[in-house]
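A.B. asks: Attaching a single structure in structure tokens format; questions to follow.
The values are calculated or read from the model by the stated rules, or taken from the named source; none is laboratory data. These numbers were taken from a predicted model, which means no experiment stands behind them. Counting neighbours? That spans all protein chains shown, and the Cβs are built from the backbone with ideal geometry, glycine included. Protein only, heavy atoms only, side chains kept; ligands, DNA and RNA dropped before computing areas. Shrake-Rupley method; radii C 1.70, N 1.55, O 1.52, S 1.80 Å.
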Amino acid sequence: DVLRMLGVKYYLVDAEEKLPQGYSWSYYNNINHFKMFKLEEYRPIGFTYSNFKTNLDIEYGEENKVIKHDLKWNDELLVDESLFNLISDIEPSDSINFELIEFYNDNNLYGHIVNDTKQVLFFSIPYNEGWRLTDNDMPLTKYKVQGGFIGVILEPGDHYISLRFAPVGLKQGAITSLAGFVLLLGLLIHDFKKKK
């Protein structure tokens, strides 16, 4: 179920009986001595949740390792207490898939979703401060959900969502590098004039 939640679409196995049970598979291709199968019920990169559990519902042991949980990965979203307070008014409803329209430059996604009720949109993308999200060109607040992935709260409506990634500190690093280059160039010119 976790792999399905993460959007895994294809499985490689050396024998068909090694495929996880309880899912519909279709043969896709051979790669050397492995057989590739497509999971028919795969999840897209984004979909909505309306059922939630908090960290208090999970039993932890030493070094914060999970001992026990009954989380249904594709039906329940794990959130922290602060986010749960913002979404406690959400009524259970059907999950809606995010339609990926464009994926470009390995770090930019653009897609569409329409929801009739307030829900949380989950992306199977690891949470990182470098991600910037917009909803119809308006900034969108992201939250860490499901133990380390991106989630956003969606009010009912028609949403065109863009995700853009730029490493934290990239702009400051570029400015510092440019300043260093200008300083080096100035020192070389000064040294050249001094020798002349």
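A.B. asks: Can you show me the helix-derived [θ] at 222 nm for the chain, built from DSSP H runs with n ≥ 4 at -39,500 (n - 2.57) apiece and divided by the number of residues, rounded to the nearest 500. Can you show the working numbers first?
C.D. replies: On the way: 3 runs with 37 residues, N = 196.
Value at 222 nm, helices only, nearest 500: -6000 deg cm²/dmol.
A.B. asks: Below 8 Å between Cα atoms, with a sequence gap of 6+, how large is the relative contact order for the chain in percent?
C.D. replies: Values: 333 pairs, mean separation 33.6, N = 196.
Result for the chain is 17 percent.
A.B. asks: Over 19 Å between C-alpha atoms is what I'm after, so list which of 35/72; 118/142; 9/118 land there. Mind dumping the intermediate values first?
C.D. replies: Working: 35/72 29 Å; 118/142 15 Å; 9/118 28 Å.
Flagged as over cut-off: 35/72; 9/118.
A.B. asks: May I ask for the angle, rounded to the nearest 10°, between helix 170-195 and the longest principal axis of the chain, with both axes built from Cα atoms and the value confined to 0 to 90°?
C.D. replies: Between helix and principal axis, roughly 20 degrees.
A.B. asks: How would 164, 132 line up by accessible area, probe 1.4 Å, largest first?
C.D. replies: Details: 164 115, 132 145 Å².
So, going from the largest accessible area down, we get 132, 164.
A.B. asks: Quickly work out the residue 93-to-residue 117 label distance, labels modelled 7 Å from Cα along the C-beta direction, and quote it in nm with one decimal.
C.D. replies: 0.7 nm
A.B. asks: Please list, ordered by chain and number, the residues whose modelled amide H lies under 5 Å from the amide H of residue 43; skip anything fewer than 5 residues away on the same chain.
C.D. replies: Here the answer is 7, 8, since their amide H atoms fall under 5 Å of that of residue 43.
A.B. asks: What does the charge count near residue 119 come to, summing +1 for each Lys or Arg and -1 for each Asp or Glu among other residues with Cβ under 12 Å from its Cβ?
C.D. replies: On the way: positive: 118; negative: 89, 91, 94, 116, 155.
Taking every Cβ under 12 Å from that of residue 119, the sum is -4.
A.B. asks: Sticking with this structure for a sec: How much accessible area does residue 33 have with a 1.4 Å probe, in Å² rounded to the nearest 10?
C.D. replies: The value for residue 33 is about 130 Å².
A.B. asks: So what does log10 I(q)/I(0) come out to for segment 12-122 at q = 0.12, 0.16 Å⁻¹, using the Debye formula with one equal point on every Cα and no solvent?
C.D. replies: -0.68, -1.01
A.B. asks: I've got another one for you. If I model a spin label as a point 7 Å beyond the Cα along the Cα-Cβ vector, how far apart are those points for residue 164 and residue 34 in nm?
C.D. replies: 3.6 nm
A.B. asks: Count neighbours as other Cβ atoms within 10 Å of each site's Cβ, and list the GluC sites (Glu not before Pro) in segment 52-136 that are DSSP loop with at most 12 such neighbours. Intermediate values should be presented prior to the final figure.
C.D. replies: Values: sites: 59, 62, 63, 76, 81, 99, 102, 129; in loops: 76, 129.
Within segment 52-136, the qualifying GluC sites (Glu not before Pro) (loop, at most 12 other Cβ atoms within 10 Å) are 129.
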